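One structure is given below, encoded as structure tokens.
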Amino acid sequence: MLASPLMKPLLYSIRMHASSGGRHLSGAEHLAPPDELEALAAALVRRALTHPGGRAEHVTINIDPVLPETLRQARLPDVRTVRVADWEQGRRAAHRWLMVAGVSATAATAAMYALQQGGAPDGSAMRGAMLLDAVSGARLEADQARGVRASRMDLTADATLQLRQALAQRGLDNAHVREALTLAGKVLLAPGIVAELCWSDDPDYTAGYVAAPGFGYVRYPALKPLGERRGGRAFFFSPNDFDLDRVVNFLERETVLFTRPGRFLPDLEAGE
Ligand code: WAQ
Ligand code: MG
């Protein structure tokens, strides 16, 4: 008897987490059919061991099946760059875009301050994102050292090809941009999401972004000084009927596969 393809998982979620001295170093993940898992595992291990933040001590790889009926397909957010002269101008521009998205000035300032301090209470980088009330700026996640990880999202092979072509034309085809777009794409589908703010924890990567359902992914070439190791992510939620369990379940467990890129919009000048 032929096995029904519906009885077998078509895709697996493969996730890597690297740490050193108990501290988060890096994480990455993919959704892939079984025959790609071996090569992906090797690439993820290589990545863990060559991270610019330092050599990993502990590396874990998790592989779980994705039930086809739970897979959601979507399109990536639109992308644009706001040109800024330096990270201070970048922060001011990002603050304004957060307010356009519906985040209060208080909450935007609180998130920027927290990211600048490293996110976790001891000043180290968080493994996941902080969740904030978009009005009061209060932290909403249960574990403020770890935060909440957005997980189980990836691009199809076709979407990867199209995205890489579009990014390459703009000199932006690097793993930071591709992965951040994929992550933001999933975060913008979360119940009650208002906006996301991010800048990298990699000392040699200064760019960051603000994303919101209304305007997509707005990137700033500088949101922190070169050499700075502290970075992170803040996800802002509307306090009206916020449900922590539902949001965490969505971010960590539900699977989203992006089948096509969003639009690429012309660059903007920050202005003041
Ligand atoms: N879920 C939640 N938070 C995460 C996740 C995740 N899956 N992955 C990383 N973070 C948090 C964590 O605190 C990291 O320390 C922080 O985000 C930064 O992660 O358009 O490279 O991977 O040029 O260093 C954005 C700009 C780059 C890209 C972001 O982030 C562009 C970047 P990194
Ligand atoms: Mg990083």
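Numbers at a glance
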quantity: Filtered residue count, the range 197-213, keeping only those that are more than 9 Å from ligand 1 (Cβ to nearest atom) and touching a strand residue (DSSP E or B) at 6+ places or on another chain (Cβ under 6 Å); calculated: 4
quantity: Condition broken by residue 56, with the remaining ones in (1) part of a loop (DSSP other than H, G, I, E, B); (2) closer than 21 Å to residue 177 by Cα; (3) over 18 Å from the mean Cα position of the chain (by Cα); (4) within 16 Å of ligand 1 (Cβ to nearest atom) satisfied; calculated: (2)
quantity: Positions within the range 189-208 being hydrophobic (A, V, I, L, M, F, W, C) and within 11 Å of residue 219 (Cβ to Cβ), in sequence order; calculated: 198, 199, 207
quantity: Complete set of residues in the range 87-129 that are in contact with a His (Cβ under 8 Å, 6 or more places away or on another chain), within 27 Å of residue 23 (Cβ to Cβ) and surrounded by fewer than 17 Cβ atoms within 10 Å (Cβ to Cβ); calculated: 109
quantity: Unique residue being on the phi < 0 side of the Ramachandran plot and either at pLDDT below 95 or within 15 Å of the chain's Cα centre (by Cα) (or both) when the list is 167, 71; calculated: 71
quantity: Considering residues of the range 68-102 that are assigned to a helix (DSSP H, G or I) and of a type in the set (S, T, N, Q) only, the residue nearest to residue 267 (Cα to Cα); calculated: 89
quantity: Selection count where residues are within 13 Å of ligand 1 (Cβ to nearest atom) and in a helix (DSSP H, G or I), scope the range 19-47; calculated: 1
quantity: Filter pass, residue 120 being among the aliphatic types (A, V, I, L, M), within 16 Å of ligand 2 (Cβ to nearest atom) and under 18 Å from the mean Cα position of the chain (by Cα); calculated: yes
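The values are calculated or read from the model by the stated rules, or taken from the named source; none is laboratory data. This structure is a prediction, so every number in the text was calculated from the model and none was measured. All Cβ positions, glycine included, derive from the backbone under ideal geometry; neighbour counts span all protein chains shown.
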